[in-house]
Structure formats: C-alpha cells, structure tokens
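A short worksheet on the structure shown next.
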Amino acid sequence: MTTASSADHPTRRDFLFVATGAAAAVGAAATVWPLVAQMNPDAATIAAGAPIQVDLTPIAEGQDIKVFWRGKPIYISHRTKKQIEEAQKVPLSSLPDPQPDSARVKSGHDQWLVVIGICTHLGCIPIAHEGNYDGFFCPCHGSQYDSSGRIRQGPAPANLAVPPYAFLSDTKIQIG
Amino acid sequence: MSGPSDFQPSNPALKWIERRLPIFGLIHSSFVAYPTPRNLNYWWTFGAILSMMLGLQILTGVILAMHYTPHADLAFKSVELIVRDVNYGWLLRNMHAAGASMFFFAVYIHMFRGLYYGSYKEPREVLWILGVIIYLLMMATGFMGYVLPWGQMSFWGATVITNLFSAVPYFGESIVTLLWGGYSVGNPTLNRFFSLHYLLPFVIAGVVVLHIWALHVAGQNNPAGVEAKTEKDTVPFTPYATIKDAFGVSCFLIFFAWFIFYMPNYLGDADNYIPANPGVTPAHIVPEWYYLPFYAILRSIPNKLAGVVAMFSAIIILCFLPWLDSARTRSSKYRPLAKQFFWIFVVVCIGLGYLGSQPPEGIYVIAGRILTVCYFAYFLIVLPLLARIETPRPVPNSIADDVLAKSKGRAATAASVVLALVLAGGLFAGSIQNAKAEEGGDTPPALSWSFSGPFGKYDRGSLQRGLKVYKEVCSACHSLNYVAFRNLADPGGPGYSEAQAAAFASEYKIKDGPNDQGEMFERPGRTADYFPAPFPNEQAAAAANGGKAPPDLSLMAKARSYKRGFPQFVFDFFTQYQEQGPDYVDAILQGFEDKPPAGVTVPEGTYYNKFFPGHAIKMPKPLSDGQVTFDDGAPATVKQYAHDVTTFLMWAAEPHMEARKRIGMQVFVFLIIFAFLMYFTKRKVWADAH
C-alpha cells in the first residue's frame, strides 16, 4: 500500500495501517503469553514443593539416606572421620570445580553432607559409596565425586549441588 | 490451488526453494492473487471465522491435553485442577468449551448462508458435500469432547448417544458393546473417546483443505449468484478479502470473549459439575444446544429405529440438496418465494432447537412432530416444487453491475451483523437454560451478590464468615475436596496471609503415610493439604446420614441451577446473570419449614424444604440463629449465615472469578479498539476498489 511518495510524507492512511498492525501485534503477543505460561508448574505442584523436615537420628555414622524434595533425590550422608579428613585436605588447585569442604557443609555439622543426588553431567543418579574417592560414582558416564560431593573425575562439569537447607536442631534439618 | 502459478519470488533463497517446492507460488495464488468476487457481504467472512475457530480449538485442545487425565477416576478431578491450579487454566478451558459453541454457531451461519445464496448449486456440489462431511465430523468431535470432563451430563450424554446405535436391527447390541469396550459406558469408553477427540480435529483440518481446494476450483459464490466473468467482477484476495475477513474475525472475537470471560457457564449444564455417577440419571438429559434440533427430531418419532433414522436423515439429506433444488437462479435474493420459505425454515430449525430443550411431553411432542414434518418438507417438497413453479426476478448481468446497483446502505451492514450475531446467539444459546427441571419446587428468589456482573468481586468479610460457617457447621458432614488450605491465601480469595493460612491448616489433623514402618500416621495440616473429608468413603458417609451421602461442596454453587424460563434467559445473556447456583443454595438453606403446609407430607427421615425439588430433603435444617458467632459483628442469623456460606461456596467453585473478570475487561477494551481500527483500515483498503 505504501507508495514512494507516501514514504516521504507519512499520510493518515499510513498511520492507520501502522496503528492497526501494532495493535494486532500486541494482541498476538498477549494471546501467546497464557499459552506458554500454562507450561510452568501449576499451583498444586508448587505447593507440593514446600520445605520438608528430615530427622537425622536414625542415620548411623558411615550411612546415608535418600529423601525426595521437589521430585529430586537428596543424599544425606553421615560422614566418617576419614571421609571428613579426606574432603578437607584435598588441595583446591587439583579440583575441576574448586570449592572447600567448609563451603559445602554447615559449620559445626561437618559430619553431615547434604547434596542433590543428580549428576551434573546429564542428570543420572550417582551411586553412593562407590568410585575412587570415597564418595559417589555415576554409572551413566563414569563421573566420580568425592566425599564432599565434588567432581573429581569424568565428564561432569560441576560439583553435586547443595540444596537450600538449615539445621533446626542438631538432629533435624529442613530442606527447602 | 488452481494450476501452476506464475509467481516468481525475487529473493534468491526463496527462488531456490520455489524451484524445488513451489509452496510460495501456491500460497500466492491461493491467498494473495486469488480473485474473489467484489460483492461479497459479511456473511462470507464466516469461512475465515471458522478457520480461526478450528485453529483455536486445536491449539487450546492440545494444551488442555497436556494437563488432562483420561481416566474414569481422575478425569473430573484433572479438569478441576486445570481450572484451579494450571496457570491461566481457567482461561484455556473456557476458551475451549465456549469455543466449541462458537464453532457451531459460526458453522450454522455459514450453512444458512450457503442455503440462502444457493452456494451448493452447480458447479459447487462437491464443495457443499465436503462441508456436510465437515459438519458431521464436528458433531462427532463435539460430542466426544463433551464426554471428557466426565460429569453427569458427559456420562449420560455418552450413554444416550451411543445407545442410538442399539436401534440397528440384529447387530445393535454388538455395535454398542463395541463402542463402549465394556458392558456399559466406562473407563475404556472414556479412553477411546479421548483418543478420537484428539484425532478428529486433524481429520477435519484435512477435509477443510479439500473444501478450500474445491472452493478455489469452482470460485466463490456471491450474493448475486452470478459467476465472475471479467476482471472487473473480482478483487485480489489480499488485501481486500483478507482485511475484510480480519475485521469479521475481530467482531466475532468480541462475541466470543463475552462468553469466555463473563458467561463461561451460560452454555453449559449445571449437572456437568457433578461427577459422573452410573447409578443416577439427571432428571433431564439435554444435549449441548447445537444438537438440540436433531434431538427434537429424534424424540418426535415414537419408534426407536425410525427416530434414529429420522435424526440421521435430517443431516444426510443436506448432501442431496444440490439435486433437490434444481432451480437455475442461485441467490434467494432473486427468488421471492424461496426467500420466504428460507426464513420459515430458519424459524423451524430454531423452533426445533427450543423443543429439543423441553421435556418430551404434552404440547412439546405435538409441536416437535409438526416441525419435524416441516423440516423434511422444506427439502423434499418445497424446494423441488419451487424450482418448477417459481418465477425468479432477473439477476444482474455481472457482479460489477450488482455492486453499482447498491453502493448505498453499506455502513449499516457491519453494525447489523454484530447485532444479529449477539441477538441470535443469546436466543439460541440460551435455550439450554430452559432445560432445567420444574419439579414442583418454588423458584428461588434472585438475590443480589457482590460477585455478580462484569465488575463483581467477592466480599472478603463474607468469604471469611462463610469459611467459619463451613468449618463449624457444614464440614461435619460435607467435604470440600477441591479446596486446599493454600487457596485461602490466594489473590481473589478470602484475603488471608500465607501465615494465617498455615495456622488455619495446622489446626487440622491430616492422614499421611505410609512411613518407614509402613504405617499411616496423622500430622498437622500444611498449606498444600486439602480440606479433609468428614468421612473416609462414600459408604461411610451414606451410612452416617440416613442412607444418602452428603454431596461434596467444592462445586455446589455451580452444580445447582433452576429454570429461568423464556424470555428471562435471553435477558440473562445481556445482564450477565450467572447466579442461579448461589440463589438456589441460599434459598435451600433458608427454605426449611418445621411444618409442611397443609396437605403435604414428606417421607420418614426427610425434611420439608420449600425450594428443594420435590420438597423432601434428607438434610435436616442445618443452620439456626445464634449458632455461629462472628468476630466482625455481623448478625448471627440464618439469613446472614446462608448468604456468607453461599458466597464462600461460590468462591470455592470459581476461585479465579476476579482474575477472569479483570482480564475480561482488559480484553474487551482491547478488542473494541482493535475492531474499530480494523474497520477503518478495511474502509481505507476498499476505498480503491469501489
């Protein structure tokens, strides 16, 4: 519709076409929003992802348990003295994803390691107490994590994530 | 779609593709350069409206299927979860449910337009028959879609419609068993209906492609009914038809949005908010409004097989229309008699629709029979006869002549189309409301509610008081299964904070488990928990309440209704009156009378209620003055309790109502501005063509 002359001198007609086109674009964008937003977690799923509390008393030294929070397995390991020492004395420079053990546990609760048990490579579940580092071994592609859940060997790029959690007492934590 | 195109793209990349797959040429010749008669009126925009509706139904349907569970035990609940918990789920569901009605509404206009202007006549017979096939597929799709929410009407609709096939001699029962996948309508039926409901829209889309192909081979018919002869008779599809269609679509969207945002339950049946119960048939089985004329024909015939045959014949006869009406003149504009009979036929169809919604007794049956005869007579007697005896008026020489003859009175067209749309929609669609039972209950008085109308909001104080009444009185017997404690803090709800909702929840004991020892245990409620039911199962609830389980209250305010009657239901469409449910619940709570009126006795174990259908209700008078004390000083009267608990139940049934009405207002403002812009754009574009 736009001719050479009207391009130089915008006319009322051009304004009308641009306004209508713009309104159509705004309407289309506003329509797409709910069509995409519906894919996000629904209110029931979000509510079910509320924090959970875990009692630590039944977990003996050297043992670990797996609990689920937001559909993810959380490893809670009661570490032995040996595991703690190993984790603390590793030189940070030798780690692919350098992080001191103290940054991965709550101070004063060195014996408790709480990590999300999902391999940072492609999402498989590593097996506890396996591999060469007294930690976790992922059977899918051979990533190995140490007793602090840090990546030591294999294709995974990062340490096992630590979920948000806090000690409510010495024997009870709240995850989330 | 007709022959190789001379379209040559200039962009080298497009050229490269075009040589290997001439798709741009196809689009160009079909939707850009395609010559369209210049005298098309707005009734011709319904083709574009229908294409949009099909696309929209597929889009929203695919999305709903992401959240829906096709299982007899879970389907009803999953639909409620869509509406309550999925982001914009209420919007998507309303769009899809109202969209089905809008789709049929548009297809009826499209069909009547074809009928009036003789669009089925040579050389468009195949085009017309493809249209009838699309219509049949739509009916099957719409029916199966209606079954999916698995409410009472879904279940019993499925039962009645599948039983139509039992009329087939010898094989009837086997066919029905095959359709059901069981000895009755059940989970296998639901599963296959879901599968087919997902499949058929794509089949429709395929037939639509054939329909458009046939259209582009024969060329469009037009109001004058004469074929385009020269270039002067036509304009290119783009921009002329595209812009006109876009304006038609934007007007239709306004009508559509009225239902989505303000009248989402106007076209539905309250009974479908009651979960499917194979043991109880609703008092009046009524199909969706778009099947009502055929339903009326079915019921008019007092023989099972003949009724089913008549019903299907009423649709199949459309396929033979091109040969039943052999008149040379296409457009009824130039056929004085045919024009009158056309309008009589329209009235007959609407009349059949009305009768289909009425109980099959007395005068309604006789009227149904008369109109059924009229329906068939139109095709079998009137049209063949008119072709022989009618003298048509002279048709214009060409489309260009037709345009010149009436370049006046155009501006009024758009407005009158919109008005006709709204009026017809209100009339036709509202007839479903009439289907409600009239079983000797007094009509509940229409009360004033804070949440009625386009700006309605829930009264927070009333919601909080209503919650208290529910907790202290109703919850002793009635569950509230679909409401979670977290909802108490939702926007548009009772207005509690998260902390208040958590505190409220912690007062409840919730059964959880099994724990590591494999045992169930009780713990304090959390906000993610739902209101616990007073009884562990339906049998226990029935045993404790004189043999009838108290119904769940989550959807009570939408699952009950009463007859509004003609013409009230037409006005309701314009005033957005949607509060039959609350009116009824409030009336029941206040309708108990210690002594039945003289001459009325109610059976042992039941109580007299003025507004309950049949008057004998199993529930004893639940509320009495002073039973619940309110902190905010509201009067401790039954009237106040009833009002507050009903408001609370309305919120429980429709928790996103405030968001719905708020977004609705924004959408309306936008659509009206957009329609105006489209109208002026269309005028500017067409200014060159006249």
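What residues have an amide H closer than 5 Å to that of B:THR36, excluding those fewer than 5 places away on the same chain, when H is modeled at 1.01 Å from N in the peptide plane?
The list, which skips near neighbours in sequence, is B:VAL235, B:PHE237.
Count charges around B:TYR262 for me, please; just the other residues with Cβ under 10 Å from its Cβ, Lys/Arg as +1, Asp/Glu as -1.
Details: positive: B:ARG660, B:LYS661; negative: none.
Result for the local shell: +2.
Report the calculated FRET efficiency for B:ALA140 and A:ALA161 (r = Cβ-Cβ distance, R0 = 51 Å), to the nearest 0.05. Please report the intermediate quantities before stating the final value.
Values: r = 51 Å, r/R0 = 1.00.
In this case the efficiency is close to 0.50.
Distance between Cα centroids, segment B:56-73 to segment B:189-244: provide it in whole Å.
About 26 Å separates the Cα centre of segment B:56-73 from the one of segment B:189-244.
Please name which of B:GLY513, B:ASN545, B:ALA499 has its Cα lying farthest along the dipole of segment B:460-662 towards the positive end, using unit charges on Cβ (Lys, Arg +1; Asp, Glu -1) and the Cα centre as origin.
B:ASN545
Distance between Cα centroids, segment A:71-93 to segment B:466-544: provide it in whole Å.
Measuring centre to centre over Cα atoms gives 41 Å.
On a 25 Å Cα-Cα criterion, which of the cross-link pairs B:LYS457/B:LYS621; B:LYS563/B:LYS610; B:LYS639/B:LYS661; B:LYS121/B:LYS333; A:LYS89/A:LYS172 come out too long?
Numbers: B:LYS457/B:LYS621 29 Å; B:LYS563/B:LYS610 16 Å; B:LYS639/B:LYS661 28 Å; B:LYS121/B:LYS333 15 Å; A:LYS89/A:LYS172 28 Å.
Over 25 Å Cα-Cα: B:LYS457/B:LYS621; B:LYS639/B:LYS661; A:LYS89/A:LYS172.
With θ set to phi - 60° and the Karplus curve 6.51 cos²θ - 1.76 cosθ + 1.60, what are the ³J(HN,Hα) couplings of segment B:279-286 in order, to the nearest whole Hz, using x for Gly and Pro?
x, 9, 8, x, 4, 10, 7, 10
Out of the total accessible area of segment A:49-90 (probe 1.4 Å, heavy atoms of protein only), what percent is carbon and sulfur? Working shown, then result.
Details: 1260 of 2410 Å².
Its accessible area is 52 percent carbon and sulfur atoms.
What length, rounded to one decimal in nm, is gained on full extension from B:ARG393 through to B:VAL602, with 0.36 nm per residue of separation minus their alpha-carbon distance?
Values: separation 209, 0.36 × 209 = 75.24 nm, distance 6.88 nm.
Residue separation times 0.36 nm, minus the Cα-Cα distance, leaves 68.4 nm.
Tally Lys/Arg at +1 and Asp/Glu at -1 over every other residue whose Cβ is under 9 Å from the Cβ of B:GLU522; what's the total? Write out the running numbers ahead of the final one.
Numbers: positive: B:LYS509, B:LYS511, B:ARG523; negative: B:ASP512.
That works out to +2.
Please determine, in degrees from 0 to 90 and to the nearest 10, the orientation of helix B:46-67 with respect to the longest principal axis defined by the Cα atoms of chain B, where the helix direction is its Cα long axis.
Between the helix axis and the principal axis of chain B, the angle is about 30 degrees.
Given a 1.4 Å probe and every protein chain left where it sits, what share in percent of the accessible area of segment A:118-159 is carbon and sulfur? Can you show the working numbers first?
On the way: 920 of 1710 Å².
It is 54 percent, rounded to a whole number.
Based on C-alpha coordinates, I'd like the Rg and Dmax of segment B:460-662, in Å.
Computed over the Cα atoms of segment B:460-662, radius of gyration and Dmax are 18.7, 65 Å.
Which angle between 0 and 90 degrees, to the nearest 10, do you get for helix B:152-163 versus the longest principal axis of chain B when only C-alpha atoms count?
Once rounded, the angle reads 50 degrees.
Quick one: grab the alpha carbon gyration tensor of chain B, order the square roots of its eigenvalues as a ≥ b ≥ c, and give me rounded if a/c is under 1.5, else prolate or oblate depending on whether a/b is larger than b/c.
Details: a/c = 2.01, a/b = 1.70, b/c = 1.18.
Prolate is the answer for chain B, as a/c is 1.5 or above and a/b outweighs b/c.
Report which residues of segment B:654-679 become buried by 40 Å² or more of accessible surface when going from the isolated chain to the complete set of protein chains (1.4 Å probe; DNA, RNA and ligands ignored).
So the qualifying set is B:PHE670, B:PHE674, B:LEU677.
Please compute the average number of Cβ atoms from other chains found within 10 Å of each residue's Cβ in peptide B:244-255.
Details: counts 0, 0, 2, 1, 0, 0, 4, 0, 0, 1, 0, 0.
Partner-chain Cβ atoms within 10 Å, mean over residues of B:244-255: 1.
Using a 1.4 Å probe on protein heavy atoms only, how many Å² of accessible area do B and A hide from each other, summed over both chains and rounded to 100?
Details: alone 32010 and 10420 Å², together 40460 Å².
Using a 1.4 Å probe, the pair buries roughly 2000 Å².
Nearest 0.05, what FRET efficiency do A:GLN53 and B:PHE630 give at R0 = 35 Å with Cβ-Cβ as r?
Details: r = 36 Å, r/R0 = 1.03.
The formula returns an efficiency of 0.45 here.
Ignoring everything except DSSP H segments at least 4 long, calculate the 222 nm mean residue ellipticity for chain B; use -39,500 (n - 2.57) per segment, divide by total residues, nearest 500.
Numbers: 26 runs with 365 residues, N = 690.
That calculation yields -17000 deg cm²/dmol at 222 nm.
By its C-alpha gyration tensor, with a ≥ b ≥ c as the square roots of the eigenvalues, how is the protein assembly as shown shaped: rounded for a/c under 1.5, else prolate for a/b larger than b/c, else oblate? Don't skip to the end; give the middle numbers.
Numbers: a/c = 2.15, a/b = 1.36, b/c = 1.58.
Oblate.
At 1.4 Å probe size, with every protein chain present, just tell me what the per residue accessible area of the protein assembly as shown comes to in Å².
Values: 40460 Å² over 866 residues.
Spelled out: the 1.4 Å probe surface of the protein assembly as shown, per residue, equals 47 Å².
Going by a ≥ b ≥ c, the root eigenvalues of the Cα gyration tensor, does segment B:644-690 fall in the rounded group (a/c under 1.5), the prolate group (a/b larger than b/c) or the oblate group? Numbers along the way, then the final one.
Values: a/c = 7.44, a/b = 5.96, b/c = 1.25.
Prolate is the answer for segment B:644-690, as a/c is 1.5 or above and a/b outweighs b/c.
With everything on Cα atoms, drop me the angle between helix B:125-147 and the longest principal axis of chain B, reported from 0 to 90° to the nearest 10.
Compared with the principal axis, the helix lies near 10 degrees.
Report, in whole Å, the centroid distance computed from the Cα atoms of segment B:376-403 and segment B:578-621.
59
Just flag the GluC sites (Glu not before Pro) in segment B:459-550 sitting in loop per DSSP whose Cβ has no more than 14 other Cβ atoms within 10 Å.
On the way: sites: B:GLU472, B:GLU498, B:GLU507, B:GLU519, B:GLU522, B:GLU538; in loops: B:GLU507, B:GLU519.
Listed in order of number, the matching sites are B:GLU507, B:GLU519.
Whole-Hz ³J(HN,Hα) for each residue in segment B:618-633, computed from phi via Karplus 6.51 cos²θ - 1.76 cosθ + 1.60 with θ = phi - 60°, x for glycine and proline: what do you get?
6, 7, x, 3, x, 10, 9, 4, x, 6, 10, 9, 9, 6, 8, x
Counting partner chain Cβ atoms within 10 Å of every residue's Cβ in B:88-100, what's the average? Could the numbers behind the result be given before it?
Values: counts 7, 4, 1, 4, 3, 0, 0, 3, 0, 0, 0, 0, 0.
Going residue by residue through B:88-100 and averaging, the value is 2.
Between beta-carbons, use under 13 Å as the cut-off and find the net charge around A:TRP112, counting Lys and Arg +1, Asp and Glu -1.
Values: positive: A:ARG79, A:ARG104, A:LYS106, A:LYS172; negative: A:ASP55, A:GLU61, A:ASP64, A:ASP101, A:ASP110, A:ASP170.
Net of charged neighbours comes to -2.
What is the percent carbon and sulfur in the accessible area of segment B:460-662, measuring with a 1.4 Å probe over the protein chains and ignoring ligands? If you can, show how the numbers build up before the last one.
Numbers: 5080 of 9540 Å².
So the carbon and sulfur contribution to the accessible surface is 53 percent.
The values are calculated or read from the model by the stated rules, or taken from the named source; none is laboratory data. Computed from a predicted structure; not experimentally measured. Quick reminder, even Gly has a Cβ in these numbers, built from the backbone with ideal geometry, and neighbours come from all protein chains shown. The protein model used for the area step is the full one, side chains on, heavy atoms only, and it has no ligands, DNA or RNA in it. Shrake-Rupley method; radii C 1.70, N 1.55, O 1.52, S 1.80 Å.
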